[in-house]
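Below is one structure, written out as structure tokens; the observations come after it.
The values are calculated or read from the model by the stated rules, or taken from the named source; none is laboratory data. It should be emphasised that the depicted structure is a prediction, and the values quoted were computed from it without experimental measurement. Counting neighbours? That spans all protein chains shown, and the Cβs are built from the backbone with ideal geometry, glycine included.
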Amino acid sequence: MKKGLTHILIFTLALLTFGCTQKNEKEKLAEKFLQTYYSQYEAKDELITMMSSPNFSNDDLQDYLDEHYGDLITIELRDQWISNRGFPNPKILNSSIVKATLSSITFKVAEGEGSGALTFQALVKMENSGGEKSEQEVGGVVRIVKNDGDYFVEYFRLD
């Protein structure tokens with residue numbers, strides 16, 4: 001009897017540890033993705049120059065996304081962003097903000113958004129070209145999938 005309870009306790013602890021590890025891995029990926037997404041503010045001059053080139057093609061955008069997001073997003077999300085011009089975000093390119101840093105990021109399991117979906121809330125600390133600083137709360141959904149043993153973002157939406 002004692003041995004059986006010990007095995008059940010060990011098994012339960014192992015499941016809890018594994019579940020927490022998976023959750024933390026997903027949240028770490030989601031946070032890294034969001035930090036990278038908001039780095040568009042710092043890269044917008046490069047993006048505008050690239051997209052203004054007379055020789056600009058979807059291949060250029062694919063190369064940029066592969067370089068900056070390759071280990072973070074699925075190929076399907078990358079291709080969707082390219083075909084729908086979902087990246088770069090025009091609001092970011094047209095703003096006077098030159099730097100954005102996320103802080104106070106919280107995640108919760110998203111209801112009704114599919115398996116692996118997390119809602120997030122974060123504070124974005126921004127600085128414009130004149131040096132003025134401001135803050136903005138943002139939220140949305142990021143869905144994480146596991147492919148070949150690694151996690152990737154397959155869906156992203158800002159609220």
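Here the condition is being touching a helix residue (DSSP H, G or I) at 6+ places or on another chain (Cβ under 7 Å), touching a residue at least 12 places away in the same chain (Cβ under 8 Å) and part of a helix (DSSP H, G or I); of K44, K32, K99, it holds for K44 alone. Screening D148 on (1) within 18 Å of the chain's Cα centre (by Cα); (2) of a type in the set (D, E, K, R); (3) modelled with pLDDT under 95 shows it passes everything except condition (1). Filtering region 108-145 down to residues that are in a loop (DSSP other than H, G, I, E, B) and hydroxyl-bearing (S, T, Y), which residue is modelled with the highest pLDDT? So, considering only residues that are in a loop (DSSP other than H, G, I, E, B) and hydroxyl-bearing (S, T, Y), the one modelled with the highest pLDDT is S129. Among the residues making up region 116-152, those that are within 16 Å of N24 (Cβ to Cβ) and aliphatic (A, V, I, L, M) are L118, V142, I144. Out of the residues in region 89-108 that are more than 14 Å from the chain's Cα centre (by Cα) and either loosely packed, with under 12 Cβ neighbours inside 10 Å or among the acidic types (D, E) (or both), which is nearest to D66 (Cα to Cα)? Top of the filtered list is P90.
Of all residues in region 55-94, those that are farther than 18 Å from F156 by Cα and without any contact (Cβ under 8 Å) to a residue 12 or more places away in the chain total 8. Would you check if I105 is touching a residue at least 24 places away in the same chain (Cβ under 8 Å) and not in a strand (DSSP E or B)? Taking the combined requirement at face value, the residue does not satisfy it.
When G86 is tested against (1) farther than 18 Å from K32 by Cβ; (2) surrounded by 14 or more Cβ atoms within 10 Å (Cβ to Cβ); (3) of a type in the set (G, A, S), just one condition goes unmet, and that condition is (2). Which ones in region 32-58 are within 22 Å of the chain's Cα centre (by Cα) and either hydroxyl-bearing (S, T, Y) or surrounded by 17 or more Cβ atoms within 10 Å (Cβ to Cβ) (or both)? Scanning region 32-58 gives F33, L34, T36, Y37, Y38, S39, Q40, Y41, K44, L47.
The residue of region 61-74 that is nearest to the chain's Cα centre (by Cα), among those that are surrounded by 15 or more Cβ atoms within 10 Å (Cβ to Cβ) and either aromatic (F, W, Y) or not in a strand (DSSP E or B) (or both), is L72.
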